[in-house]
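**Student:** What follows is a structure written as structure tokens; I'll ask about it next.
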Amino acid sequence: GGGGVAGPARARLSAIQGQLAEARARGWTDSHPDVIALKSQLSAAQSAARNEPVYSGGGGGASANPLYLSLRAMQADKAAQVAALTNRKAQIEADMAAIDAKIAGDPAAAQEQAEIDRNYQVLKAAYDKLLADREQVKLRSQAAGQADAVKFNVIDPPTAPRSPTAPNRPLLLTGVLIVGLGAGVAVAFGLGQLAGTFPTTARLEKMSGMPVIGSIGEVVTAAQTALRRKRLQMFAAATAGLVVAWVALLGLEMLQRGMSA
């Protein structure tokens, strides 16, 4: 006995189910766009398969190949399209034959149609030429506008400055020299105030609140005198070195300005 043979709708349903199983085997979730599309196709295929009858066939009850059935369905679809296009071709050929017969039966209409076609070709050529001329004029105007946009005039040519804008280095160097000397005097005065000696008896009386009977002058030995002289020389040398450094820096600044000029 023969078994039932699945039709094209059931074959398509089996193919969609196989694609859906393959997609889930790849790990695609239900939110994947392909899975959503397959589900919508599956529902449509299920509806079509319910309404499709089961065809009887021989061969031990084996069902037909789903791919074969799908190809047969595609073949039927293409055959229907070919038939529709053949009918359309026949209709167009009949219309053209009717137009040719009408033109052959009326020579004046044929001559008028030829004149209309000739005028159309002339007008079309003139229209195309006008379009080309308009594009050329537009390109020329754009090029002229771009050329005017990049045109510029040098009013004040750029020049390199002969001296730095800031800071004023001579004034800065002089200020540093004055601040250094003032800081040295302030430090020396502070150290003198912190020393535990009194230069005059009046100051000693004022600070102690007791009368001073007498005072003994300072006795300076030759070694102390030599040490004080050496310290004075060192102080003078340091002061002279500071002034020399200030003069050298000012000279270097003036030399750089002269070279840049």
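**Student:** Which of the residues spanning the range 163-199 are over 55 Å from the mean Cα position of the chain (by Cα) and not in a helix (DSSP H, G or I)? Working first, answer last.
**Tutor:** Taking the range 163-199 first, the residues over 55 Å from the mean Cα position of the chain (by Cα) are 181-199.
Listed by number, the residues that qualify are A195, G196, T197, F198, P199.
**Student:** If F198 passes every condition in (1) at pLDDT 80 or above; (2) farther than 30 Å from V179 by Cβ; (3) surrounded by 10 or more Cβ atoms within 10 Å (Cβ to Cβ); (4) not acidic (D, E) but one, which one does it miss?
**Tutor:** Condition (1) is where F198 drops out.
**Student:** Right, next: Considering only residues that are aliphatic (A, V, I, L, M) and surrounded by 14 or more Cβ atoms within 10 Å (Cβ to Cβ), look in the range 246-259 and name the one that is farthest from N168 (Cα to Cα).
**Tutor:** Initially, the range 246-259 is screened for residues aliphatic (A, V, I, L, M), giving 247-250, 252, 254-255, 259.
Filter once more, so that each one left must be surrounded by 14 or more Cβ atoms within 10 Å (Cβ to Cβ): 249-250.
Working: L249: 13, L250: 11 Å.
The extreme case among them is L249.
**Student:** Could you say whether any residue in the range 32-48 is modelled with pLDDT of 75 or more, outside any helix (DSSP H, G or I) and within 58 Å of the chain's Cα centre (by Cα)? If you could, list the steps in order and put the result at the bottom.
**Tutor:** So in the range 32-48, the residues modelled with pLDDT of 75 or more come out as 32-48.
Next, from what is left, pick out any that are outside any helix (DSSP H, G or I): 32.
Those still in the list that are within 58 Å of the chain's Cα centre (by Cα) too: 32.
Checked the range 32-48: at least one residue is modelled with pLDDT of 75 or more, outside any helix (DSSP H, G or I) and within 58 Å of the chain's Cα centre (by Cα).
**Student:** To continue, here is another question. Looking at the range 209-216, is at least one residue in contact (Cβ under 8 Å) with a residue 12 or more places away in the chain and either surrounded by 10 or more Cβ atoms within 10 Å (Cβ to Cβ) or under 30 Å from R169 (Cβ atoms) (or both)?
**Tutor:** Yes, because at least one residue in the range 209-216 is in contact (Cβ under 8 Å) with a residue 12 or more places away in the chain and either surrounded by 10 or more Cβ atoms within 10 Å (Cβ to Cβ) or under 30 Å from R169 (Cβ atoms) (or both).
The values are calculated or read from the model by the stated rules, or taken from the named source; none is laboratory data. All of these numbers come straight from a predicted model, not from anything done at the bench. Cβ: placed from backbone, ideal geometry, glycine included. Neighbour counts: every protein chain shown.
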